[in-house]
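**Q** First the structure, which I've put down as structure tokens, then a few questions once you've had a look.
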Amino acid sequence: MTEALLIRGRLFDPGQGLDRVGDLLIEGGKIAWLGEPGLAPKPDVPVLEAQRLIVCPGFIDLHCHLREPGQEDKETIASGTQAAARGGFTTVCAMPNTQPPLDSGAAVDYVLKRATQEGAVRVLPIGCITRGRKGEELAELGELAQAGAVAFSDDGNSVADPRLLRNALEYSRSFGLPVIEHCEDASLSKDGVMNEGWTSARLGLRGIPPAAEETVVARDIALAELTGARLHLAHLTTAGSVELVRRAKEKGLPITAEVTPHHLTLTEERVMGAEWGWLGRVPPRHQPLNSCAYDTSAKVNPPLRTPADVLALNRGLQDGTIDAIATDHAPHRLVDKLCEFDLAAFGISGLETALAALLALVHIGELKLETLIEALTYGPARILGRDTQTGLREGAPADITIFDPEAQWVVDPQAFASKGKNTPLAGYTLRGKVMATIVDGRLVYKDDSL
Amino acid sequence: MRIREQSQLYPPITKPTASPWQHRHILDLDDFSRQEMEFLFHTADAMKEILGREIKRVPTLRGKTVVTMFYEPSTRTRLSFEMAAKSLGADVTSITAATSSAVKGESLVDTVRTIQALGSDVLVMRHPCSGAPYLVAQQVASSVVNAGDGWHAHPTQALLDLYTIRSHHGGVEGAKAVIIGDILHSRVARSNIWGLTIMGAQVVLCGPPTLLPRFWGQAYPQAIIEPDIEAALADADIIMVLRLQRERQQGGLLPSIEEYVRLYQLDERRLALAKPDALVMHPGPVNEGIEIAPEVAHGAQSVIEEQVANGVAVRMALLYLLAGGAH
Amino acid sequence: MPEKTILTEEDIRRSLSRIAHEIIEHNRGGQGVVLVGIHTRGVPLAQRLANLIAEFEGSQVPVGSLDISFYRDDLSWRDPPPVVRRTDMPTDIAGKRVILVDDVLYTGRSIRAALDALIDHGRPESIQLAVLVDRGHRELPIRADYVGKNLPSARREEVQVRLKETDGRDEVAIITNREGGGQ
């Protein structure tokens, strides 16, 4: 399908203040026309009925782990991008903590080539900051940029050595690409497996204090100020981090930040079982644990935090302190999670539940739909310098997501396209479903009911 | 003066007649009712009688298999469980980390599924990871008894502690129970907070701030935190002293063992602040001269050895209640 | 369910009195005898027999109580396991003449369990058995030495012994269950 007509959809584009029912014509991979229903200039093309559905710019995920090369048993570019398509994402940025890590032009080339061959959606690789992600010496950032890396990150680790990070920031300026920092002080978080709080005290698990993140956020902001380079902070989780970024932005520093769907909707109590932690549901303090406690599906780094943190992240998103929502999609094998909590892998398979989880916030009135869509589209696009190619605009690439904000469904990980079935939302009934995803005019995903 | 247990020749036969027992697994004490604990102690009394006989063995669990699976060295607890199981006539199989497939990299889930396939009625497990018994309970059909998981829980230790207190003071209702030491890393403390408060005691926690972080007040609101050891011990009825691991000092949580001794050791002077008939308890093994002075550990108020003896009776009662019927 | 009284308070008193006399007669006045009641209703029966013997002979016979839960052969069919009661042996039973006391003798399985339980406490010179009611239907080669009343019954009937100490009144009743089932 490179030609199609979407009819009677609710055309929704927060970047242009667009929100009205209309038709949209796709031709040659681009949006050819949009306007009043029935007035399209070339109506004899395949028609997609979009009544009562929201038609918006395709979602962009700044942060996901496709695991290829090296860990194809967890995910591949093929399965990961299919998961993205099902989640309404038309573009995903692939983090470089693969095996080997994406620290060379050849590795970036490989990912791009595989993506062209097998990718369902657009894949933008991110290159390493340091060689082998070891935090010892800079990777060849110029070569990575030339090969097509869109940002640099040692995600999974902070660059522990502040001088090395300073150099990375200075050096990256010449390419105009952002440095994405995973903010975590490895000494403060050592051996931690969840948030340090009442739940970890109750369960006897080693905690990761909020300060493990905040001390690095503060340090990185100071280095961004020193160098004037573009710094993007990955998956913020604490109220303190939000406040630090807010103040940095007030100073006019070129800092951006992201938050994940799980950190906006789940709290640390989720580790105690599926009935707790979702949208601020906190168990009574005398609640006995049931045998589903120590739920490894809620083990993620950075960890799920407290209701106060979730609220602060939500505020940060609403006031623009946080620019984007990114999934941090981290697929794992069953055996990586079906084990002792201390030994389980960190991470949540998030691409296929992101929209529905976030719409829960819209449904309960905690988030505006336009803020949500903005954070999934223009927010990340601006960080990647792709905002001019984004939006429901004539002439723009036809990257479009169509979803039903009301459709209810039960999360069944076995039905995921992702190889990673590790989600804390398994069995949850969510409202809001992706119905179709279009990349460059190609229909890459369509729900059976459409 | 301590109240000694009186042996009743003809106890009223109106004691419990219907079993309030609800448990299939013993993972922690947080899901116990007071009635269940009383019932368990009542059953343990009958076990104590068996242990007082010349032939300390009954055939009750003949044909049942109890597997002890210890991923952490603990001769005391494992022996206690094995004696309990053998006294009830069960077959006992032991798996220790060295003999299990853990060294070969087999996962815990695979190991317990194998044990299940070979047939076990009760799986007694100790594991260094908090929550491991919860994972196992989801994977097997047999009853799971937590014999200590990480920092989280050690329910049978807390039960034998309560049983020991009951045999001296009749019960813990309204008693002040002080737990001193490394609360943060203590599964014994966590289970005892539940057990003691369910039975009606007021728990007071006391230890260095690095070993008792601020979230304890939220995690265990039923317990009071009293950093000053002298205030904590004032008028206490029960004093539980926790073992101090030397790693805590190496881990930077304490400046020195000597300073810990100075600030937190239970010695005779501090013990005098508690009620005169206060019981001194310790889950063992005791570091004499560190968390507790030798003269206190061996003093008139110490019931440390009794705790060990009661452990077998309490574990027998648990095994009987878990495996004695049909499930 | 229809219920018929088989023994009244007076009948029970007379039966126990006769049993007490027989015990004295068979055991040279009660020397070296220990009465052991099986929980629940054997315990007060043993006590009553001891009182009667004391009345007739002026000598005190030691009384014990025995819980047989740990020795039952039907545990795997019971859910949850039976409530355990305290076993108390007033004296060393080795070399003694132990008289087990129970309310009803039926299949014999409880007595089998009681024999095992007793022997774990020591080796008596002999063991005898006294029961208030023998209702037949034995499944094991066991018989009573002293019987208050032989009561032929059908399996579907239930024989209910009630005692003042446990039930507030003395009587033995027979209850006919419509749908099978024993006691």
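**Q** Take every DSSP beta bridge whose two residues both sit in chain A, then give the antiparallel share in percent to the nearest 5. Display every interim value, and only then the final one.
**A** Values: 32 of 60 bridges.
So the antiparallel bridges amount to about 55 percent of the total.
**Q** Hey, which lysines would be in cross-link range of B:K56, C-alpha to C-alpha under 19 Å, not counting anything within fewer than 8 residues on its own chain?
**A** Answer for B:K56, where 19 Å is the Cα cut-off: B:K48, B:K64, B:K86, listed by chain and number.
**Q** Label segment B:21-87 by shape, choosing from rounded, prolate and oblate, from the square roots a ≥ b ≥ c of the eigenvalues of the Cα gyration tensor; if a/c is under 1.5 it is rounded, and otherwise prolate applies when a/b is larger than b/c, oblate when it is not. Walk me through the numbers on the way to the answer.
**A** Values: a/c = 1.73, a/b = 1.09, b/c = 1.59.
Here segment B:21-87 falls in the oblate category.
**Q** Right, here's the next one. At 0.36 nm per residue, and after removing the present C-alpha to C-alpha distance, how many nm does the segment from A:E136 to A:V410 gain when stretched out fully?
**A** Taking 0.36 nm per residue and subtracting the Cα distance, the gain is 94.1 nm.
**Q** Now, a different point. Please compute the alpha carbon radius of gyration of segment C:103-183, then divide it by the globular-protein estimate 2.2 N^0.38 Å. Two decimals is fine. List each step's numbers first, then the result.
**A** Details: Rg = 14.1 Å, N = 81, 2.2 N^0.38 = 11.7 Å.
That ratio works out to 1.21.
**Q** Among DSSP beta bridges whose residues both lie in the protein assembly as shown, state the antiparallel percentage, nearest 5. Please report the intermediate quantities before stating the final value.
**A** Numbers: 44 of 128 bridges.
Roughly 35 percent of the DSSP beta bridges within the protein assembly as shown come out antiparallel.
**Q** Turning to a different aspect of this structure: Cβ neighbours within 10 Å, averaged per peptide: list B:300-307, B:136-143 in order, most packed at the top. Numbers along the way, then the final one.
**A** Values: B:300-307: 16.9, B:136-143: 19.1.
So the order, starting with the most tightly packed, is B:136-143, B:300-307.
**Q** Short version: what are the Cα gyration tensor semi-axes of chain C, square root of 5 times each eigenvalue, largest first, in whole Å? Write down the numbers at each step before the final one.
**A** Working: eigenvalues 133, 86, 39 Å².
Each semi-axis is √(5λ); the values are 26, 21, 14 Å.
**Q** Continuing with this model, one more query. Averaged across A:333-342, how many Cβ atoms of other chains sit within 10 Å of each residue's Cβ atom?
**A** Working: counts 0, 1, 3, 0, 0, 7, 7, 15, 8, 7.
Mean inter-chain Cβ contacts per residue within 10 Å come to 5.
**Q** For segment A:58-389, rounded, prolate or oblate, judged on the Cα gyration tensor with a ≥ b ≥ c (square roots of eigenvalues), a/c < 1.5 rounded, else prolate if a/b > b/c? Let's see the in-between values first.
**A** Working: a/c = 1.42, a/b = 1.31, b/c = 1.08.
Rounded shape, in that the Cα axes give a/c under 1.5.
**Q** Quickly rank A:166-172, A:347-353, B:70-76 as a protection proxy: mean count of other C-beta atoms within 10 Å, highest first. Intermediate values should be presented prior to the final figure.
**A** Numbers: A:166-172: 20.4, A:347-353: 28.1, B:70-76: 15.7.
Averaged packing, sorted descending, gives the order A:347-353, A:166-172, B:70-76.
**Q** I need B:R262, C:R72 ordered by Cβ neighbour count within 10 Å, fewest first. Can you show the working numbers first?
**A** On the way: B:R262 9, C:R72 21.
Lowest to highest Cβ neighbour count: B:R262, C:R72.
**Q** Counting partner chain Cβ atoms within 10 Å of every residue's Cβ in A:284-297, what's the average? Walk me through the numbers on the way to the answer.
**A** Working: counts 0, 5, 7, 2, 7, 8, 5, 11, 4, 8, 11, 3, 2, 0.
The shielding value for this peptide is 5.
**Q** Same structure again: Using Cα pairs closer than 8 Å and at least 6 residues apart in sequence, work out the relative contact order for chain B, in percent. Numbers along the way, then the final one.
**A** Numbers: 596 pairs, mean separation 62.5, N = 327.
So the answer I get is 19 percent.
**Q** If you don't mind, there's one more thing I want to ask. Once you average over the residues of B:40-47, how many Cβ atoms of partner chains fall within 10 Å of each Cβ? The partial results should precede the final answer.
**A** Numbers: counts 0, 0, 4, 5, 1, 3, 8, 2.
Whole-number average of other-chain Cβ neighbours for B:40-47 is 3.
**Q** Next up: Restricting to Cα pairs below 8 Å that are 6+ residues apart, what does the relative contact order work out to for segment A:1-154? Please round to a whole percent.
**A** Working: 331 pairs, mean separation 26.1, N = 154.
Rounded, it is 17 percent for segment A:1-154.
**Q** Could you let me know the centre-to-centre spacing of segment A:165-186 and segment A:127-156, using Cα atoms, in angstrom?
**A** Each part's Cα centre sits 9 Å from the other's.
**Q** In deg cm²/dmol and to the nearest 500, what is the mean residue ellipticity at 222 nm of chain B if only DSSP H runs of at least 4 residues count, each as -39500 (n - 2.57), divided by the residue total?
**A** Values: 13 runs with 126 residues, N = 327.
Roughly -11000 deg cm²/dmol at 222 nm, from the helical runs in chain B.
**Q** Cα gyration tensor of segment B:193-327, axes a ≥ b ≥ c as square roots of the eigenvalues: rounded (a/c below 1.5), prolate (a/b > b/c) or oblate? Don't jump to the answer; show the numbers that get you there.
**A** Numbers: a/c = 1.61, a/b = 1.43, b/c = 1.13.
Prolate is the answer for segment B:193-327, as a/c is 1.5 or above and a/b outweighs b/c.
**Q** Let me ask another. At 25 °C and 0.890 mPa s, what whole-number value in µm²/s does Stokes-Einstein give for the translational diffusion of the protein assembly as shown, with Rh from the Kirkwood sum over Cα pairs?
**A** Numbers: Rh = 32.6 Å.
Translational D for this selection: 75 µm²/s.
**Q** Sorted from fewest to most neighbouring beta carbons within 10 Å, what does the list A:W409, B:W21 look like? Don't skip to the end; give the middle numbers.
**A** Details: A:W409 16, B:W21 21.
Lowest count first: A:W409, B:W21.
**Q** Another one. Could you state the number of Å between the C-alpha centres of segment A:357-385 and segment B:169-227?
**A** Centre-to-centre distance over Cα atoms comes out at 45 Å.
**Q** OK, next. Over segment B:61-193, what relative contact order in percent results from Cα pairs under 8 Å that are six or more residues apart? List each step's numbers first, then the result.
**A** Details: 202 pairs, mean separation 28.1, N = 133.
About 21 percent, as a whole number.
**Q** If one computes the Cα centroid of segment C:3-69 and of segment A:70-104, what distance in Å separates the two points?
**A** Value for the Cα centre distance between the two parts: 84 Å.
**Q** Quick one: B:V122, A:V282, fewest Cβ neighbours within 10 Å first, how do they rank?
**A** Details: B:V122 24, A:V282 16.
Fewest-to-most ranking of B:V122, A:V282: A:V282, B:V122.
**Q** Now, a different point. Students often check this: by mean Cβ neighbours within 10 Å, which of C:17-23, B:224-230 ranks highest, and how do the rest follow? Don't jump to the answer; show the numbers that get you there.
**A** Numbers: C:17-23: 19.6, B:224-230: 14.4.
In decreasing order of mean packing, C:17-23, B:224-230 become C:17-23, B:224-230.
**Q** Follow-up question, since we're still on this one. Set the bar at 22 Å for Cα to Cα. Now go through A:K299/A:K421; A:K251/A:K368; A:K134/A:K249 and name every pair that lies beyond it. Don't jump to the answer; show the numbers that get you there.
**A** Working: A:K299/A:K421 14 Å; A:K251/A:K368 27 Å; A:K134/A:K249 30 Å.
Going by Cα-Cα distance, A:K251/A:K368; A:K134/A:K249 fall outside the 22 Å limit.
**Q** Pick from C:P141, C:P62, C:P90 the residue whose mean-square fluctuation is largest in a GNM of chain C, springs joining Cα atoms under 10 Å.
**A** Sorting by GNM fluctuation, first place goes to C:P141.
**Q** Treating cross-link reach as a plain straight distance, find the lysines whose alpha-carbon is under 21 Å from the alpha-carbon of B:K176, omitting any fewer than eight places away in the same chain.
**A** B:K275
**Q** As an exercise, use a Förster radius of 56 Å and the Cβ-Cβ distance of C:F56 and B:A309 to find the FRET efficiency, rounded to the nearest 0.05.
**A** Numbers: r = 44 Å, r/R0 = 0.78.
Using R0 = 56 Å, I get an efficiency of 0.80.
The numbers here are math on the coordinates, done by the rules we state, and not lab data. Note that this is a predicted model, so its numbers are computed, not measured. Glycine gets a Cβ as well: all are built from the backbone with ideal geometry, and neighbour counts include every protein chain shown.
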